[in-house]
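K.L.:
I am attaching a structure below and will ask some questions about it afterwards.
The values are calculated or read from the model by the stated rules, or taken from the named source; none is laboratory data. This is a predicted model, so every value here is computed, not measured. Ideal geometry is used to build each Cβ from the backbone, glycine not excepted, and the neighbour counts take in all protein chains shown.
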Amino acid sequence: MEIIIADTQEEMSKIAADMIERQLLRKPSSVLGLATGSTPVGTYEQLVRRHKEEGLDFSKVITFNLDEYLDLSPSHEQSYRYFMDHHLFNHINVDPKNIHVPYGHAGEVEEFCEWYEDEIKRAGGIDVQILGIGADGHIAFNEPGSSLGSRTRLKTLTRQTIEDNARFFDNLDEVPRFAITMGVGTILEAKEIIILANGAKKAEIVAEAIEGPITAQVSASALQMHRQVTVIVDAEAGSKLKRADYYRWIFEEKKRLVPRLIGKVT
Ligand code: F6R
């Protein structure tokens, strides 16, 4: 894993946007795996700005979002589809038919999940997957105990996730209890993964996921098995990493000597 400790959230977002931009220049028809939540918002802002001011082209890009609440219509203001439209899709030139955000009703959820996995394969697999991390170590909605080989499926959210997400709803009772989510196994098949975290609240779990043992109790720890992962955190989220000095040193040396290798595991 490459671990980058940025000074600020803004720098974290910029490094991630640089990596995505490089990917799109290399392969304009890239398949991007996208996350919602507060963490990637700054990165999406950067991408929107680069599209508007510098012509960064998304016309051939295909996107797959990680997850969506069960039974929440795409027009619901708290749906992840609405979030993505608002923060990214409405402001770039992605072709609407290339956008995939899970959507399903309880009655047909298995068929939907199978179809979603097949669509990812038909698109040639995910080139770059963006992730955030939940306070309980989840990636997508793979709550503690999720199999490290899990595929897209229905998942019951933990009390903590429901409480964390209540800030977006009028009250706790309105937060959906179920979500459709890519599995840990689905995520690990992405060719490249970028995981972001910011703020002191994430410091403990970031250290556990990166420097602790690989365990289904911390889904993000499974990323240790992937060959091309970049972890980008701000100073607060990186504050509990035991080897922080070493990670900082690698980053500084790369910036000085081989900037094109930032985000490439070396
Ligand atoms: C969202 C997702 C979640 C979030 C995580 C962190 O699509 O998959 O795993 O990345 O809950 O959320 P924030 O960024 O709001 O702290």
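K.L.:
Just checking, does segment 50-61 include any residue being touching a strand residue (DSSP E or B) at 6+ places or on another chain (Cβ under 9 Å) and within 16 Å of the ligand (Cβ to nearest atom)?
P.N.:
For segment 50-61, residues touching a strand residue (DSSP E or B) at 6+ places or on another chain (Cβ under 9 Å) and within 16 Å of the ligand (Cβ to nearest atom): absent.
K.L.:
If you don't mind, another one. Please enumerate the residues belonging to segment 114-133 that are in contact with a Ser or Thr (Cβ under 6 Å, 6 or more places away or on another chain) and either under 18 Å from Ile99 (Cβ atoms) or at pLDDT below 95 (or both).
P.N.:
Answer for segment 114-133, where residues must be in contact with a Ser or Thr (Cβ under 6 Å, 6 or more places away or on another chain) and either under 18 Å from Ile99 (Cβ atoms) or at pLDDT below 95 (or both): Tyr116, Glu117, Asp127.
K.L.:
Inspect all residues belonging to segment 170-179 and state whether any of them is surrounded by 15 or more Cβ atoms within 10 Å (Cβ to Cβ) and closer than 30 Å to Ser29 by Cβ.
P.N.:
yes
K.L.:
Filter segment 166-208 down to the residues that are under 27 Å from Glu110 (Cβ atoms) and small (Gly, Ala, Ser) and list them by number.
P.N.:
Passing the criteria: Ala179, Gly183, Gly185, Ala190.
K.L.:
Taking the stated definitions as given, is Leu154 within 16 Å of the ligand (Cβ to nearest atom) and touching a Leu at 6+ places or on another chain (Cβ under 7 Å)?
P.N.:
The answer is yes for Leu154.
K.L.:
Additional query: Of all residues in segment 122-139, which are assigned to a loop (DSSP other than H, G, I, E, B) and within 20 Å of Ser38 (Cβ to Cβ)?
P.N.:
Gly132, Ile133, Gly134, Ala135, Asp136, Gly137, His138, Ile139
K.L.:
If you don't mind, another one. Return the residue satisfying two criteria in turn: it lies in segment 200-229 and is surrounded by 15 or more Cβ atoms within 10 Å (Cβ to Cβ), of a type in the set (Gly, Ala, Ser) and farther than 17 Å from Leu148 by Cα, and of such residues it is nearest to the ligand (Cβ to nearest atom).
P.N.:
Applying the filter and picking the extreme gives Ala203.
K.L.:
Can you list residue pairs whose Cβ atoms sit under 6 Å apart, with the first residue in segment 203-221 being over 12 Å from Gly134 (Cα atoms) and the second being of a type in the set (Lys, Arg) and outside any helix (DSSP H, G or I)? Count only pairs 6 or more apart in sequence or on different chains.
P.N.:
That search, which allows pairs on different chains as well, returns Ala207/Lys240; Glu211/Lys242.
K.L.:
Has segment 131-141 got any residue that is in contact with a strand residue (DSSP E or B) (Cβ under 9 Å, 6 or more places away or on another chain), within 16 Å of the ligand (Cβ to nearest atom) and more than 29 Å from Val206 (Cα to Cα)?
P.N.:
no
K.L.:
Among the candidates Ala203, Ala216, which residue alone is aliphatic (A, V, I, L, M) and over 19 Å from Glu189 (Cβ atoms)?
P.N.:
Selected residue: Ala203, the only one of Ala203, Ala216 that is aliphatic (A, V, I, L, M) and over 19 Å from Glu189 (Cβ atoms).
K.L.:
Would you confirm whether any residue within segment 28-49 is among the charged types (D, E, K, R), out of contact with any Phe, Trp or Tyr (no Cβ under 9 Å at 6 or more places or on another chain) and not in a loop (DSSP other than H, G, I, E, B)?
P.N.:
yes
K.L.:
Give me the pairs, please: first residue somewhere in segment 113-140 and on the phi > 0 side of the Ramachandran plot, second residue anywhere and acidic (Asp, Glu) and near the ligand (Cβ under 10 Å from one of its atoms), beta-carbon distance under 8 Å, and either six or more positions apart or on two chains.
P.N.:
That search, which allows pairs on different chains as well, returns Ala140/Asp67.
K.L.:
Shifting gears a bit: Could you check how many residues of segment 34-48 are near the ligand (Cβ under 10 Å from one of its atoms) and of a type outside the set (S, T, N, Q)?
P.N.:
Selection size over segment 34-48: 5.
K.L.:
When segment 102-127 is examined, which residues are found to be more than 15 Å from the ligand (Cβ to nearest atom) and either hydrophobic (A, V, I, L, M, F, W, C) or under 18 Å from the mean Cα position of the chain (by Cα) (or both)?
P.N.:
Of everything in segment 102-127, those that are more than 15 Å from the ligand (Cβ to nearest atom) and either hydrophobic (A, V, I, L, M, F, W, C) or under 18 Å from the mean Cα position of the chain (by Cα) (or both) turn out to be Ala106, Val109, Phe112, Cys113, Trp115, Glu117, Ile120, Ala123, Gly125, Asp127.
K.L.:
Filter segment 102-111 down to the residues that are surrounded by fewer than 18 Cβ atoms within 10 Å (Cβ to Cβ) and not aliphatic (A, V, I, L, M), then identify the one that is farthest from Glu54 (Cα to Cα).
P.N.:
Result: Gly107.
K.L.:
Just checking, which of Ile92, Ile99, Ile15 is within 16 Å of the ligand (Cβ to nearest atom), surrounded by fewer than 22 Cβ atoms within 10 Å (Cβ to Cβ) and over 22 Å from Glu174 (Cα atoms)?
P.N.:
After applying the criteria, what remains is Ile99.
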